[in-house]
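The values are calculated or read from the model by the stated rules, or taken from the named source; none is laboratory data. What you are looking at is a predicted structure, and each value in this text was computed from that prediction instead of being measured. Quick reminder, even Gly has a Cβ in these numbers, built from the backbone with ideal geometry, and neighbours come from all protein chains shown.
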Amino acid sequence: MLECEQCGREVLFPFGCCYCRKAFCSEHVLPEKHRCPKLYQELKYWYQKKKAMKGEIPKSRKFVSPILAFCIILIFSSAIIAHTSYHLGSRELRDPTYQEALQFIESDQTDKNLYKEGKYTCANFAKDFKNNALKAGYRCGYVLVFSPDWTHALNCFNTTDYELIFIEPQEDEIVTLTIGQPYWDRTKYTPRYQGRTYNDTVTSFLINW
């Protein structure tokens, strides 16, 4: 069980801060609640840029930071997962075998949903996949993946006869998660967002069981 980085309380369902990438309880997950140094660095950066440009903010910067928006989505998604897990607490969950995990992945319909920017993203895919696994009686992890330019959500199973496997719920694919290595398979995908490439090298990840 993880401990909140701010108050030290043990947390069954920790929340991840998208700025400093540490685990917190629900009371301290918001950046301002744990005085997140990364948040203040970003706010200082934008303030200095605004001041230097004499109050004129480029059009592209009038929108909410994609990282901040993603962080908000993850907070709400994690809260929903915690709520669902609590109500399923009376039902005994177990880790699946590797074959059971493959069968569940094949039968689950989460990958049929359509990705919609700002409305139904990787956080929603991972949330729905986990909730479906819990309903099927399987213990399933909600995984937050961090990289220098990007944050992503996926799932995992700790199979009883094989090993910990990571699942990309948008494609029903078993993926490899290695610190220091790119997340996306370069033979299939090129990491691009709004026409620009980004660094998807995995720097850390957090599993919420």
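For this structure, a couple of remarks:
- Looking only at residues of segment 23-52 that are acidic (Asp, Glu) and surrounded by 14 or more Cβ atoms within 10 Å (Cβ to Cβ), we find that the one that is modelled with the lowest pLDDT is GLU42.
- Hits in segment 97-112 (condition: part of a loop (DSSP other than H, G, I, E, B) and surrounded by 14 or more Cβ atoms within 10 Å (Cβ to Cβ)): THR97, ASP108
- Only one entry in TYR162, TYR189 is in contact with a helix residue (DSSP H, G or I) (Cβ under 8 Å, 6 or more places away or on another chain) and of a type in the set (Ser, Thr, Tyr), namely TYR162.
- Enumeration of residues in segment 135-145 that are under 25 Å from PHE24 (Cβ atoms) and out of contact with any His (no Cβ under 8 Å at 6 or more places or on another chain): ARG139, CYS140, GLY141, TYR142, VAL143
Yes or no, residue by residue, for (1) touching a strand residue (DSSP E or B) at 6+ places or on another chain (Cβ under 9 Å); (2) β-branched (Val, Ile, Thr); (3) under 22 Å from VAL11 (Cα atoms):
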{"site": "GLU92", "(1), (2), (3)": "no, no, yes"}
{"site": "ASP95", "(1), (2), (3)": "yes, no, yes"}
{"site": "LEU102", "(1), (2), (3)": "yes, no, no"}
{"site": "GLU106", "(1), (2), (3)": "no, no, no"}
{"site": "GLN109", "(1), (2), (3)": "no, no, no"}
{"site": "GLY118", "(1), (2), (3)": "no, no, no"}
{"site": "TYR162", "(1), (2), (3)": "no, no, no"}
{"site": "ILE167", "(1), (2), (3)": "yes, yes, no"}
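The rows are residues; the columns are (1) part of a loop (DSSP other than H, G, I, E, B); (2) modelled with pLDDT of 95 or more.
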{"residue": "GLY118", "(1), (2)": "yes, no"}
{"residue": "ALA123", "(1), (2)": "no, no"}
{"residue": "LYS127", "(1), (2)": "no, no"}
{"residue": "TYR142", "(1), (2)": "no, no"}
{"residue": "THR151", "(1), (2)": "no, no"}
{"residue": "ASN155", "(1), (2)": "no, yes"}
{"residue": "THR160", "(1), (2)": "yes, yes"}
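- Subset tally (residues that are touching a residue at least 60 places away in the same chain (Cβ under 8 Å) and buried (at least 24 other Cβ atoms within 10 Å of the Cβ)) for segment 145-165: 2
- Of residues in segment 177-209 being of a type in the set (A, V, I, L, M) and part of a loop (DSSP other than H, G, I, E, B), the one nearest to LEU154 (Cα to Cα): LEU177
- Test set (1) touching an Asp or Glu at 6+ places or on another chain (Cβ under 9 Å); (2) more than 26 Å from CYS4 (Cα to Cα) - HIS152 fails condition number: (2)
- Selection of segment 106-134 for residues being of a type in the set (Ser, Thr, Tyr) and within 13 Å of GLN170 (Cβ to Cβ) yields THR110, TYR115, TYR120, THR121.
- Flag not set for ILE80, criterion: at pLDDT 55 or above and either in contact with a Ser or Thr (Cβ under 8 Å, 6 or more places away or on another chain) or under 26 Å from TRP184 (Cα atoms) (or both).
- Count of segment 187-207 residues which are more than 17 Å from ILE174 (Cβ to Cβ) and out of contact with any Leu (no Cβ under 8 Å at 6 or more places or on another chain): 14
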